[in-house]
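Report on the structure given below.
The values are calculated or read from the model by the stated rules, or taken from the named source; none is laboratory data. Keep in mind the model is a prediction, meaning the values are calculated, not measured. Positions of Cβ are generated from backbone atoms using ideal geometry, with glycine treated the same way; all protein chains shown enter the neighbour counts.
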Amino acid sequence: MPEEKKPLILLAAGGTGGHLFPAEALATELVNRGCRTALVTDARIASGDWAKRFPGDVTTLTAGTVTGAGFVAKAMGALKLAKGTLEARALLARLNPDVVVGFGGYPTVPPILAASMKGIPTILHEANAVMGRANRFLARRATLIATGFPSPNPEFPDKTVFSGNPVRKPVLLAAESPYQAPEPEGMLELLVFGGSLGASVMSNVVPAAMQQISPALRARLSIVQQAREEDVKRVSRIYEALGVKHEIAPFFADLPHRIAAAHLVIARAGAMTVTELSVIGRPSVLVPLPGSLDQDQATNAAVIVAAGGAISVPQSAFTPVSLAELLERKMSSPERLAEMAAKAKSIGISDAASRLAGHVFSVLSKHAKR
């Protein structure tokens, strides 16, 4: 098919991994099926290499939220939203996409608004177990809503489908590695991370928990931990003083491989973290980010906890003593870790990109018949 005749799918996503990774996975699947793709996001994409990996043109636009505190913040957000929508209308006029797919975050709002005004069909993908504010704002205008987790009571049942969260090729490759439980007296590989920017609570609690564990058990631990730049040296010094084998860095580009190599993961409960833990099949201790208006991470964690693949600990209860006790229990019962890994994998949706692509083609077909 000539390049100009191939359907063009415009993907819109906030500029963080939780939004961009599933967009990248869908784009790859769509290109493999004979489509062209383009991405619209915000300026945060400049801090990563997503733009180089994305199989299509990447454009940034103005984005803002109208949920800030105070009148001035709301007014500034509204102005940014209006400017972004004008920019999106110009982008749509230039690209003339066949479908626009939004992956959440406020940079999704202007392209979806502009597309709905022009009569271009739109799909919203909600990665979290509870719908975010940007997607809630857009939901009535969307042609279709796809969810990353099963939604027991969708607000728009007639146009809501469960697709799962699309995952990238490195995750699928990592998922091919079966879980190997640690030997009863062998080393336990522990992976600790806190989202794309790290989490200070991990740097405070996990090293302190190591100080609570007996020297014999500490000698059996090997820790790979993501820490914020300002915490790396401090965390490393504590592990060195304790004689704990460790690797500390602000970011791991090969995180799916690290998850596959772990016997146990300690992490936040972002949608893609929970998704990758289930697709790869690894047991975890999840500490949902507190203070969220939507409690999205707690709801995400509840999905994999209900399957038996994880333990969820509120941050208020995530203390050095409680973590030390938990680790000692897990190290004494490696068979339980293997059971958790299997249960986590039982809910993994490894073909979510294919499922979502199928919904894109369904919307394409229906729109073409009008």
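Of all the numbered requirements in (1) crowded, with 21+ Cβ neighbours inside 10 Å; (2) at pLDDT 95 or above; (3) not in a helix (DSSP H, G or I), ILE120 misses one, and that requirement is (1). Inclusion of ALA262 among residues that are aliphatic (A, V, I, L, M) and at pLDDT 95 or above is warranted.
Checking segment 286-301 against the condition returns no match, with no residue being closer than 25 Å to SER177 by Cα, more than 16 Å from the chain's Cα centre (by Cα) and not small (Gly, Ala, Ser).
Residue-wise test of (1) modelled with pLDDT under 60; (2) outside the structural domain of PHE21 (by TED's automatic domain parsing); (3) not charged (D, E, K, R).
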| position | (1), (2), (3) |
| --- | --- |
| ARG36 | no, no, no |
| LEU39 | no, no, yes |
| ALA46 | yes, no, yes |
| TRP50 | no, no, yes |
| GLY56 | no, no, yes |
| MET76 | no, no, yes |
| LEU79 | no, no, yes |
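Screening segment 156-190 for residues that are loosely packed, with under 12 Cβ neighbours inside 10 Å and farther than 25 Å from LEU20 by Cβ and picking the one that is modelled with the highest pLDDT gives PRO178. In segment 247-264, the residue that is surrounded by the most Cβ atoms within 10 Å (Cβ to Cβ) out of those that are farther than 21 Å from ARG234 by Cα and among the aliphatic types (A, V, I, L, M) is ILE259.
Flag not set for ALA317, criterion: more than 24 Å from HIS19 (Cβ to Cβ), buried (at least 19 other Cβ atoms within 10 Å of the Cβ), assigned by TED's automatic domain parsing to the domain that holds VAL205 and out of contact with any strand residue (DSSP E or B) (no Cβ under 7 Å at 6 or more places or on another chain). Summed over segment 284-314, residues that are out of contact with any Lys or Arg (no Cβ under 8 Å at 6 or more places or on another chain) and modelled with pLDDT of 95 or more total 16.
Can you confirm whether segment 172-183 contains a residue that is over 29 Å from ALA302 (Cβ atoms) and among the charged types (D, E, K, R)? Taking every residue of segment 172-183 in turn, at least one turns out to be over 29 Å from ALA302 (Cβ atoms) and among the charged types (D, E, K, R).
Here SER222 fits the description: within 30 Å of VAL167 (Cα to Cα), more than 24 Å from the chain's Cα centre (by Cα) and either assigned by TED's automatic domain parsing to the domain that holds GLU183 or touching a residue at least 24 places away in the same chain (Cβ under 8 Å) (or both). Exactly one residue out of PHE149, PHE103 is modelled with pLDDT of 95 or more, surrounded by 22 or more Cβ atoms within 10 Å (Cβ to Cβ), out of contact with any strand residue (DSSP E or B) (no Cβ under 6 Å at 6 or more places or on another chain) and closer than 20 Å to ALA353 by Cα, and it is PHE149. Listed by position, the helices (runs of 4 or more DSSP H) inside segment 261-350 whose residues that are over 17 Å from MET210 (Cα atoms) and touching a residue at least 40 places away in the same chain (Cβ under 8 Å) number at least 2 are 271-280, 296-307, 334-346.
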